[in-house]
Amino acid sequence: MTELIATPLDVIEIGNGAKFVFGGVYAANEGYFAEIHLQNNGKVRMIEKSSALPNREIAVAWMRNRCETNAA
């Protein structure tokens, strides 16, 4: 089974040198969704993924809010 790698439509990255929070907004059949990832000391993990969101603007706002909150 081949995994489909999607290119994000919008991206944000916030960091302080050792810790980075980044997110992306993606198109899906049922709308849009966003993912938030944390990179800390070279390790990357997904920390949050939205449910389906009705439009791109809401998905970008969700992503920005979560990135800023997790970067603090």
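The values are calculated or read from the model by the stated rules, or taken from the named source; none is laboratory data. Note that this is a predicted model, so its numbers are computed, not measured. Please note: Cβ atoms are built from the backbone with ideal geometry, for glycine as well, and neighbour counts cover all protein chains shown. Calculation scope for accessible area: heavy atoms of the full protein, side chains included, ligands and nucleic acids excluded. Shrake-Rupley method; radii C 1.70, N 1.55, O 1.52, S 1.80 Å.
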Q: For the chain, give the percent of accessible area contributed by carbon and sulfur heavy atoms, probe 1.4 Å, rounded to a whole number.
A: 50
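Hey, what's the stretch 13-72 come to in accessible area per residue, 1.4 Å probe, Å²?
62
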**Q.** the chain, relative contact order [Cα under 8 Å, separation at least 6], %
**A.** 29
Q) Looking at the stretch 17-72, which trypsin sites (Lys or Arg not before Pro) are in a loop (DSSP not H, G, I, E or B) and have at most 15 other Cβ atoms within 10 Å? A) none
Q: Would you kindly compute the Cα radius of gyration of the stretch 1-61 and its largest Cα-Cα separation (Dmax), both in Å?
A: 12.6, 38
Q) Along the charge dipole of the chain, which of 12, 47, 72 sits closest to the positive end, that is, farthest toward it, with unit charges on the beta carbon of Lys, Arg, Asp and Glu (+1, +1, -1, -1)? A) 72
Q | Paramagnetic reach from residue 6 (point 7 Å along Cα→Cβ, amide N under 19 Å) across the stretch 13-45 | A | 13, 22-38, 45
Q.
If exposed means no more than 15 neighbouring beta carbons inside 10 Å and the site is in a DSSP loop, what's the longest run of the chain without any exposed GluC sites (Glu not before Pro)?
A. 31-72
Q: Sum -39500 (n - 2.57) across every DSSP H segment of at least 4 residues in the chain, then divide by the residue count to get the 222 nm mean residue ellipticity, nearest 500.
A: -7500 deg cm²/dmol
Q: About the Cα centre of the chain, how large is the charge dipole given +1 on each Lys and Arg Cβ and -1 on each Asp and Glu Cβ? Please answer in debye to the nearest 20.
A: 240
Q) What are the ³J(HN,Hα) values, in whole Hz, obtained from phi via the Karplus relation 6.51 cos²θ - 1.76 cosθ + 1.60 with θ = phi - 60°, for each residue of the stretch 63-71 in sequence order, with x given for Gly and Pro? A) 4, 4, 4, 5, 5, 5, 5, 6, 7
**Q.** Max mean-square fluctuation residue, GNM over the chain, Cα-Cα springs under 10 Å, options 34, 59, 18
**A.** 18
